[in-house]
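**Q** I'd like to ask you about the structure that follows.
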Amino acid sequence: MYNYVEDGDSKTTAYVEKDQDKYQQFMARIEAGEKIEADDWMPEEYRQALIKLISMHGISEIMGALPEKEWTPKAPTLRRKLGIMAKVQDEMGHGQLLLRVAEDLMKPYGKTREDLIEDLLSGDLKFHNVFHMPTKTWADAGMVGWLVDGAAIMSQTNMLDASYGPYQRALQRICQEEVFHAQHGEAIIMALAEGTEYQRDILQESLNRWWPALLMFFGPSTAATTGSSKQDIMIKYRVRKSTNEELRQAFLDKYLPRVFSLGLTVPDETVHYDKEKQQWIYEQPNWDEFKQIIRNKGPKSKERLRLREIAYENNRWVRQALVPKTVES
Amino acid sequence: MKLVETAEQAKQDPSYLKAVTELIYQLADDDFIISFRGSEWLGLAPHIEEDVAYSSITQNTMGHAVMFYELLEQLGEGKADVLAHERQPKDRKNGCYLEKRNGEGAYHGEPYFDWALAVVRNYFYETFKQIKLEAISDGSYKPLANVAKKALMEQTYHLAHWKMWMKQLQKSTDEAQERMELRIVEAWDEFGDVLELGDCAEDMQRHAIITSSEELKGKWLQEVTNTITNVPNKPLKQIYGNGRNGEHTVDLEQALETFAEVYNSDKTAIW
Amino acid sequence: MTKEADFYQVYEVFSRRGKKAGMQHQFSLLAPNEEMALLMAQENFMRREEVLDVWVVKQTDIRKMTSEERQQWTKRIDNKDYRTTKGYGYLRKKWKEKEQGMLDEKEILSWKEVGEK
């Protein structure tokens, strides 16, 4: 699950590559559809943007396991218990793939996975806004699987042709598994939508709560909203194809008709499709709140980070014990 | 040995039916509760790669529990989901050590889980499960023997995984050795009832559904003493009582409250 | 305290899916030793597919092409038709004139069935 999280902290100074020959060669390569590998020359701006993007993406997968994890042991049937375990396991697995990609990019700076985890805990490395939100009922487990994952699939498939080879290959694997995730989410939602009054109630209540977070998922449409935007850089370097707003519109296109077909509503009376403009009209979410959330001031930010910290600190002795020198296998 | 091919055939002989039902409850409940504890580890393992690998084992094990519950369903005990979610602690047959919390703290609060406990518990359990399944796969109840053979296909990986952790951590730093030893000594006092077959043990053996618990226990002891660096110099005990007779700890109540929370929130619902 | 960076060794993972398939690179993972790397590999990358064999290799033990080598050694002039069937495609028409089929890849590989009939 991913989207680029921007908090308006980062400065947007114009980047000038020193080695113009290499830069032109590089741009020619990616424009010809070639893939860049970890040890190829790349502009510093490209490397740094990728590290930021992919480490955020990877750590969001790891943090993304936590809200659903709360419901894993509680899943209501044996089959649902198995399904959600497999799904959360995949999220961890996606985190693994992505962090490996980020780690290889960070090699020139001598940074490792340990540094990434520590950056996360110190607040330097942000994770996605949706994973700062609480999961209050089983319907939330379904909502995360259906709409949050749906939004994630939308933004990830948009990068399936990314110019950076290792990332593109990781995304291939991830998107294949996302097909299962989409159906896992739909299955939970479908059972609730066709279920008892109580089930329908928790479903609608869950959608109402998640709606603003879902709109925020793709990030602000322009830099004007939050003060900075990296989307142009990612498009310039052929990492992604579409803008935040294009992705949000595509998401609404795919999912809103499905939402309505289940008899659900969204908590925004202005929502409608404008045929002339050929786009969905919706009320903007509160972008100031968005900024607060991704600065780890969301409703569950502290708890989720604390959980990750406990897991990390609590197992330190295991990792220490298995440093290659000390183990004779 | 007279083979019993179907559930219908098993139902013809009340003493056979009782023995085989009892054994399957033990198998199902053991797998279910240990995989429940495993599911709580998801996202919290020592490193990400292990998290993914351990979760596969947990899923496999819960998958085995489902197969066992389905055998009970065929024997007329009720639906698998009902058996897993609705039975009270006194009706549950899992060994007490398997229901033990993963460590200090709470799952939905601050879980200070102990990897040494996870390794020792899973290694002890998977070793015994392997031996038990092998004995059952030669047993007289065909539907159970078939499920045992299926489960054994995945068992080798489970065992190799936990044995590797046992070996590596026991040979490592002083701290790791100490933590492992502490959990091994503790398990020696608590693991006893997992090795038992309960009140119907004699009938199970008489009907050739499984071999004697003494034989199983002997094999288990031989295997684990080969892997443990310092074997505790004391007899195996079951200080929390005998789970095979429905004796359990508060940890099982906590588990039940958690895993049946949503299930209980609307019993008329289809989830 | 030892820096945990030492704990994280990079292993490249390869697997074979079918009896006739070659070893295929899957991805890489971090593990403190090869025993653990091997036991992690299958469930990390192949948990949904059949797999017949798995290899793990420490990344530092692999001599890979460097970036320059990849770009320089893998380039060939596009004049090697004579080496491939592409250069002999005109035969199809010739044989057709003589009312014969072309011995193409499909035809030749189908010969493994002879004798079984």
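The values are calculated or read from the model by the stated rules, or taken from the named source; none is laboratory data. Computed from a predicted model, the values in this text were never measured in an experiment. Virtual Cβ from ideal backbone geometry, glycine too; neighbours counted across all protein chains shown. In case anyone asks, the SASA skips ligands and DNA or RNA and just uses the protein heavy atoms, side chains included. Shrake-Rupley method; radii C 1.70, N 1.55, O 1.52, S 1.80 Å.
**Q** So for the stretch B:9-265, what are the equivalent ellipsoid semi-axes in whole Å, largest first, each being the square root of 5 times an eigenvalue of the Cα gyration tensor?
**A** Each semi-axis is √(5λ); the values are 28, 22, 17 Å.
**Q** On average, how many beta carbons from a partner chain sit within 10 Å of the beta carbon of a residue in B:109-120?
**A** 3
**Q** Just to check, using Stokes-Einstein with a Kirkwood Rh over alpha carbon pairs, what's the diffusion coefficient of the protein assembly as shown at 20 °C and 1.002 mPa s in µm²/s?
**A** Estimated via Stokes-Einstein, D reaches 76 µm²/s.
**Q** Over the whole of A:261-273, what's the average partner chain Cβ count within 10 Å per residue? Rounded to a whole number, please.
**A** Mean shielding by partner chains, rounded to a whole number: 0.
**Q** What is the packing order of peptides A:15-21, A:108-114, B:141-147, taking the mean over residues of other C-beta atoms within 10 Å and listing the highest first?
**A** B:141-147, A:108-114, A:15-21
**Q** Rounded to the nearest 500, what is the 222 nm mean residue ellipticity of chain C from helices alone, with -39500 (n - 2.57) per DSSP H run of 4+ residues and division by all residues?
**A** After summing the helix terms and dividing by the residues of chain C, the value is -7000 deg cm²/dmol.
**Q** In Å, what Kirkwood hydrodynamic radius results for the stretch A:49-124 from the alpha-carbon pair distances?
**A** With all distinct Cα pairs of the stretch A:49-124 included, I get 13.3 Å.
**Q** How many Å² of accessible area per residue for chain A, probe 1.4 Å?
**A** So chain A comes to 38 Å² accessible per residue, rounded to a whole number.
**Q** Taking only the alpha carbons of the stretch B:1-150, what extent do you get along each of the three principal axes, in Å, biggest first?
**A** Dimensions of the stretch B:1-150 along the principal axes of its Cα atoms: 51, 29, 21 Å.
**Q** Based solely on its DSSP helices, what 222 nm [θ] is calculated for chain A when runs of n ≥ 4 H residues each add -39,500 (n - 2.57) and the sum is averaged over all residues, nearest 500 deg cm²/dmol?
**A** -19000 deg cm²/dmol
**Q** Next question, about the same structure. Share of Cα-Cα pairs in the stretch A:20-321 beyond 26 Å, in percent?
**A** 47
**Q** Over the Cα atoms of chain C, compute the convex hull volume and normalise it per residue, giving Å³.
**A** 186
**Q** Taking 22 Å as R0, compute the FRET efficiency from the Cβ-Cβ separation of residue A:183 and residue B:269 and round it to 0.05.
**A** The calculated FRET efficiency here is 0.60.
**Q** Still on this model: Roughly what % antiparallel, to the nearest 5, for the DSSP beta bridges in the protein assembly as shown?
**A** Given both bridge residues lie in the protein assembly as shown, the antiparallel proportion sits at roughly 90 percent.
**Q** Check each of the chymotrypsin sites (Phe, Trp or Tyr not before Pro) in the stretch C:83-117 and keep only those in coil by DSSP with at most 12 other C-beta atoms within 10 angstrom; list them in order.
**A** C:90
**Q** Looking at the stretch A:147-186, which GluC sites (Glu not before Pro) are DSSP coil and have at most 12 other C-beta atoms within 10 Å of their C-beta?
**A** Listed in order of number, the matching sites amount to none.
**Q** Name the residues of the stretch A:58-80 whose accessible area falls by at least 50 Å² when all protein chains are present instead of the chain alone, probe 1.4 Å?
**A** By number: A:69, A:73, A:74, A:76, A:78.
**Q** Right, next: Return the ratio Rg/(2.2 N^0.38 Å) for the stretch B:82-152, where Rg is computed over Cα atoms only.
**A** Rounded to two decimals, the normalised Rg is 1.43.
**Q** Taking a threshold of 28 Å on the Cα-Cα distance, which of the pairs A:87/A:275; A:325/B:217; A:69/A:107; A:136/A:297; A:241/A:275; A:52/A:275 fall above it?
**A** Going by Cα-Cα distance, A:87/A:275; A:325/B:217; A:69/A:107; A:52/A:275 fall outside the 28 Å limit.
**Q** Using the structure shown, select from B:11/B:142; B:132/B:219; B:129/B:150; B:18/B:237; B:18/B:93 the pairs with a Cα to Cα distance greater than 19 angstrom.
**A** Long pairs (Cα-Cα over 19 Å): B:18/B:237.
**Q** While we're here: State, to one decimal in nm, how far the label point of residue C:112 lies from the label point of residue B:250, with both points 7 Å from Cα in the Cβ direction.
**A** 6.6
**Q** Report which residues of the stretch B:161-183 become buried by 50 Å² or more of accessible surface when going from the isolated chain to the complete set of protein chains (1.4 Å probe; DNA, RNA and ligands ignored).
**A** B:164, B:168, B:171
**Q** Using a 10 Å cut-off around each Cβ of peptide B:72-84, what is the average number of partner chain Cβ atoms that fall inside?
**A** Mean shielding count: 1.
**Q** Ok, one more. With +1 on the Cβ of every Lys and Arg and -1 on the Cβ of every Asp and Glu, and nothing else charged, how large is the dipole of the protein assembly as shown about its Cα centre, in debye rounded to the nearest 20?
**A** So the dipole magnitude of the protein assembly as shown works out to roughly 2160 debye.
**Q** Largest first and to the nearest Å, give the Cα extent of the stretch A:184-303 along each principal axis.
**A** 48, 43, 28
**Q** In addition: Under the √(5λ) rule applied to the eigenvalues of the Cα gyration tensor, what semi-axes describe the equivalent ellipsoid of the stretch B:141-271? Give them in Å, descending.
**A** Rounded to whole Å, the semi-axes are 29, 23, 18.
**Q** Starting from the Cα of residue C:75, draw a straight line to each of the aspartates and glutamates and keep only those under 20 Å, dropping any in the same chain fewer than 8 residues away.
**A** Answer for residue C:75, where 20 Å is the Cα cut-off: A:31, A:34, A:37, A:39, A:40, listed by chain and number.
**Q** Something else: Would you please report the Å³ per residue occupied by the convex hull of the alpha carbon atoms in the stretch C:4-61?
**A** 71
**Q** Just add up the charged neighbours of residue A:199: K/R +1, D/E -1, any other residue whose Cβ is under 14 Å from the Cβ of residue A:199.
**A** Spelling it out: positives minus negatives among the neighbours equals -3.
**Q** Using the reciprocal of the averaged 1/r over all distinct C-alpha pairs, how large is the Kirkwood radius of the stretch C:73-117 in Å?
**A** Roughly 12.9 Å, rounded to one decimal.
**Q** In whole Å, largest first, what are the principal axis extents of the Cα atoms in the stretch C:56-95?
**A** Here the Cα extents, ordered largest to smallest, are 54, 25, 9 Å.
**Q** Residues of chain B: accessible area per residue at 1.4 Å, in Å²?
**A** 38
**Q** Can you give me the P(r) profile for the stretch A:133-213? Cα pairs, bins 10 angstrom wide beginning at 0, each as a whole percent.
**A** The percentages, shortest bin first, are 19, 41, 26, 12, 3.
**Q** Return the calculated 222 nm mean residue ellipticity for chain B, to the nearest 500 deg cm²/dmol, obtained by summing -39500 (n - 2.57) across DSSP H runs with n ≥ 4 and dividing by the residue count.
**A** Taking each H run of at least 4 residues, the total per residue is -21000 deg cm²/dmol.
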